[in-house]
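This report concerns only the one structure given below.
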Amino acid sequence: MKLSANSPLQKLMDTMPQQGKVNWIGIRPKRRVPLQSLPQVEALTLKGLAGDHFSGSATSKRQVTLIQQEHLNLIASVMQLPDLTPAMLRRNIVVSGINLLALKDRKFWLGDVLLEYTGECHPCSRMEEILGPGGYNAVRGHGGITTRIVQGGWINVGDSVSVDIKTVNEQPTLF
């Protein structure tokens, strides 16, 4: 249900002056292989990230996955892991300085690439293999988000992450 534009709750939800930053980028060339860390990646409109095995479907809600750096730190603490790397959590992009869940029903920019929030990125059973017993539950609620690529381009480590102001009050695109 969409709130009225004048609703006090909608006004609070529309207030998001924070800008985040891209800290890490990774792709999986094949299923069940380790992620490759990259300094930049091409985002292909309505497909996915170039070179990522998940790329290809225009209707996919999971073209790019993102997670917050702050949540990596929390998961490492819960699991008592001194060396938790972004690749271990199997997300494509790690950002910091912005609450990804506050991007629900929004479009937002990573550098010159426009993404659309499509849902939460829940953990899979691989977290038990990678992180050890309890890994699945450690990631619950901290797994990040899934997105669709609305406008492609290049994403670079260091790019800013910001809400697309023009679409703040739009209904989400449904495919």
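The values are calculated or read from the model by the stated rules, or taken from the named source; none is laboratory data. On a predicted model such as this, the values are computed, not experimentally measured, just so you know. Every residue, glycine among them, receives a Cβ derived from its backbone with ideal geometry; neighbour counts consider all protein chains shown. Accessible surface is based on the protein model in full, side chains and every heavy atom, while ligands, DNA and RNA are left aside. Shrake-Rupley method; radii C 1.70, N 1.55, O 1.52, S 1.80 Å.
With Cα atoms as the point set, segment 67-139 shows a radius of gyration and Dmax of 13.2, 39 Å. Averaging the sequence gap over all C-alpha pairs within less than 8 Å and six or more residues apart, then dividing by the number of residues, gives segment 28-97 a relative contact order of 27 percent. Using C-alpha pairs below 8 Å separated by at least 6 residues, the relative contact order for segment 56-150 is 39 percent. Quote the FRET efficiency, to the nearest 0.05, computed for Ala50 versus Arg140 with a Förster distance R0 of 30 Å and r equal to the Cβ-Cβ distance. The pair Ala50/Arg140 has a calculated efficiency of 0.45. The simple Förster model, with R0 at 30 Å and r as the Cβ-Cβ distance, assigns Arg31 and Asp105 a FRET efficiency of 0.50.
Only protein heavy atoms count here; under a 1.4 Å probe, Thr59 has an accessible surface of about 90 Å².
With n ≥ 4 as the cut-off for DSSP H runs, can you work out [θ] at 222 nm for the chain, using -39500 (n - 2.57) per run divided by the number of residues, rounded to the nearest 500?
Rounded to the nearest 500, it is -4000 deg cm²/dmol.
Its residue count N sets the reference 2.2 N^0.38 Å, and the alpha-carbon radius of gyration of the chain equals 1.02 times that reference.
Do you know the relative contact order of the chain, to the nearest whole percent, from alpha carbon pairs under 8 angstrom that are 6+ apart?
Rounded, it is 30 percent for the chain.
Each of Gly158, Met127, Met79 was placed along the dipole of segment 62-175 (beta-carbon charges, centred on the mean Cα), and the one lying farthest toward the positive end is Met127. Using heavy atoms of the protein chains and a probe of 1.4 Å, the accessible area assigned to His142 is about 50 Å².
Carbon-plus-sulfur accessible fraction, segment 46-119 (probe radius 1.4 Å, protein heavy atoms only): 53%. Checked against a 19 Å cut-off, the cross-linked pairs Lys30/Lys107; Lys107/Lys166; Lys30/Lys104; Lys21/Lys47; Lys21/Lys107; Lys61/Lys107 give Cα-Cα distances beyond that limit for Lys30/Lys107; Lys30/Lys104; Lys21/Lys47.
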